[in-house]
Amino acid sequence: MEGIQGASLDLLNARFGRQHYAPHTHDEFAIGVCVDGLETMRYRGERLYSAAGSVVVIEPGEAHTGGPAGPDGFAYVALYPSIELLGGISGSTEAHFRHPVIEDPRLGAALRLAHDALRLGKDPLEGENRLLGVLGTLVRRHAVKGSRPAERARADAGRIARTVATRLADELIDPPTLAEMAADLELSRYQLLRAFRDAMGMPPYAWLAQHRVTRARGLLDTGYRPAEAAPLVGFADQAHLTRWFRRVLGVTPGAYRNSVQDSVLRRPAL
């Protein structure tokens, strides 16, 4: 979706029965509210739970998992504002949140209303106003000042991980081996792997698969079919793309592409 202070904003409305997310990260904030059932996730080394009405805030670059905590599954709605959008609201370079699960029923209800207004697109001005109001309330009530929590990886591990991630992203189709990257950084394979895990929360192969899914998602957004997108981002075939797409996003590429097309037909741009 386009037009929120000149930046795109993705929306998600999903129900999950038994499937769990694989560890993955987002380039943007992921802000959602559980609307039914009970969700469990792994985030910053902790096992967390969010029930209906709970607001969940995942910061950019933070590895996390997610899935149902019980046999009845769970449902939630989420939106993905950029670092710049939330930073502009907070009045600082970035906004940080110490607690990823926030018990604030009024905020959760307001988030659902904003999500509905944006998704349905009947009144673009209402959608934008509700969104900015919700984000402002979130920052005012729950953001913290200062640096990220102590669980953040050390600066040296972060530097190594960023270097490796950049190279993997640049060589998406034919990525280097662990040994090649370690040699270039004058590290052992174990040192590289440990630094990458510490900083990213997952090994390089999983990060690369998640990045490929993100790139494939962008192609699907522009009209590519799953079978066309798969080789363009380094997956062996459509089945390989589907396995990782479902692990990372919880839906198949075909279902995601159909939802994007339906959304474009239903909702005018803001």
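Taken together, the values in this text are just the output of simple stated rules run on the coordinates, not laboratory data. Model, not experiment: these values are computed from the prediction. Note: ideal-geometry Cβ built from the backbone for every residue, glycine included; neighbour counts use all protein chains shown.
Structure notes:
- With respect to the chain, whose longest principal axis is taken over its alpha-carbon atoms, helix 189-200 is tilted by about 10°.
- Electrostatic tally near residue 207: other residues with Cβ closer than 12 Å to its Cβ, Lys and Arg +1, Asp and Glu -1, net +4.
- Length released on extending from residue 188 to residue 18, taking residue separation times 0.36 nm less the Cα-Cα span: 57.3 nm
- Helix-only CD estimate at 222 nm, as mean residue ellipticity for the chain, using -39500 (n - 2.57) per DSSP H run (n ≥ 4): -15000 deg cm²/dmol
- Radius 10 Å from Cβ of residue 233, net charge of other residues (Lys, Arg +1; Asp, Glu -1): +3
- The C-alpha atoms of the chain define a longest principal axis, and helix 253-266 lies at about 30 degrees to it.
- Near residue 19: Cβ cut-off under 10 Å, other residues only, Lys/Arg at +1 and Asp/Glu at -1. The net charge is +3.
- The range 10-142: relative contact order in percent, alpha carbon pairs under 8 Å with at least 6 residues between: 27 percent
- Contour excess over end-to-end distance, with Cα ends at residue 259 and residue 65 and 0.36 nm allotted per residue: 67.6 nm
- Amide proton proximity set for residue 34, modelled H, under 5 Å, gap of 5+: 53, 54, 56
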